[in-house]
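Worksheet for the structure shown next.
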Amino acid sequence: MAYQGFDSSDEESFEKMRDFFSPAQVDTSVRQALHMCWMMLPNDKKNADELELQFRRIVDRALEDMREDEQAFGWSQKS
């Protein structure tokens, strides 16, 4: 697929971007992150339970930071 720029003055730009990336992009990114986490685990901790524990810890921390930033910077969802 060719590069497509997104014009911030185009009111439909966000929708076009969502259509371009699709949920498959998120799935691929998560799987790559899981793989990286697996590679970073020490050999004696490379098992599914430890991977899940560490991955959830990282994701939970990222979500908590996002919520803290949301409050600090006054972000809100647009209706």
Fill in: Label-point separation in nm, Phe14 to Asp65, each point 7 Å along Cα→Cβ
2.4
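Where in the chain lies the longest segment free of trypsin sites (Lys or Arg not before Pro) that are both loop residues by DSSP (not H, G, I, E, B) and have at most 15 other Cβ atoms within 10 Å?
Details: sites that count: Lys46, Lys78.
Excluding the exposed sites themselves, the longest stretch runs over 1-45.
Test of understanding: given the chain, find the longest segment containing no chymotrypsin sites (Phe, Trp or Tyr not before Pro) that are in a DSSP loop and have at most 12 other Cβ atoms within 10 Å. Provide the component values of the computation, followed by the final result.
Values: sites that count: Tyr3, Phe6, Trp75.
Between exposed loop sites, the widest span is 7-74.
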Worksheet, complete the sentence: The answer for the longest stretch of the chain without any exposed GluC sites (Glu not before Pro) (DSSP loop, at most 13 further Cβ atoms within 10 Å) is 13-79
Fill in: Additional length obtainable on full extension of the chain from Ala24 to Met40, 0.36 nm per residue less Cα span
3.3 nm
Worksheet item: Glu50 label point, 7 Å along Cα→Cβ, cut-off 14 Å on backbone N: hits in segment 8-43?
Response: 37-43
Fill in: Among Leu51, Leu63, Leu41, residue whose mean-square fluctuation peaks in a GNM of the chain (springs only between Cα atoms under 10 Å)
Leu63
Fill in: Radius of gyration, Dmax [the chain; alpha carbons; angstrom]
17.5, 52
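No lab work stands behind these numbers, since they all come straight from the coordinates. These numbers were taken from a predicted model, which means no experiment stands behind them. Glycine gets a Cβ as well: all are built from the backbone with ideal geometry, and neighbour counts include every protein chain shown.
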